[in-house]
Amino acid sequence: MDCRDVFRRISDYLDGDLDADLKRAIEAHACGCHHCEVIIDTTRMTIKLYCDGQSVILPIQVHHRLHAVLRSRCRDKLA
Ligand SMILES: [Zn+2]
């Protein structure tokens, strides 16, 4: 499990769609990786705001930009 694996599975992880082994592997990685910890927290918070029906709704462009930034940071880190 590395940062790219976490990033690929983050939606399933937050949706609770992963099997227990994968879930544990992501949590173990995030424990030792501040980068992934932040990504998971931020994404979870975004989903929560969205699901709570608050007036804060992330426009799709922001969503895409966030992903692009995260992706390039992941690449930098792993380069
Ligand atoms: Zn990581």
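The values are calculated or read from the model by the stated rules, or taken from the named source; none is laboratory data. A quick note: this is a predicted structure, and the numbers were derived from the prediction, not measured. When we count neighbours, we look across all protein chains shown, and the Cβ atoms used for this are built from the backbone with ideal geometry, even at glycine. The protein model used for the area step is the full one, side chains on, heavy atoms only, and it has no ligands, DNA or RNA in it. Shrake-Rupley method; radii C 1.70, N 1.55, O 1.52, S 1.80 Å.
Points worth noting:
- Those residues of region 1-25 which are basic (Lys, Arg) and in contact (Cβ under 8 Å) with a residue 40 or more places away in the chain, in sequence order: 4
- Extreme residue, most open to solvent (accessible area, probe 1.4 Å), among residues of region 3-43 that are away from the ligand (no atom under 15 Å from the Cβ) and not in a helix (DSSP H, G or I): 17
- Whichever residue in region 28-73 is basic (Lys, Arg) and under 15 Å from residue 11 (Cα atoms) and, among such residues, is modelled with the lowest pLDDT: 48
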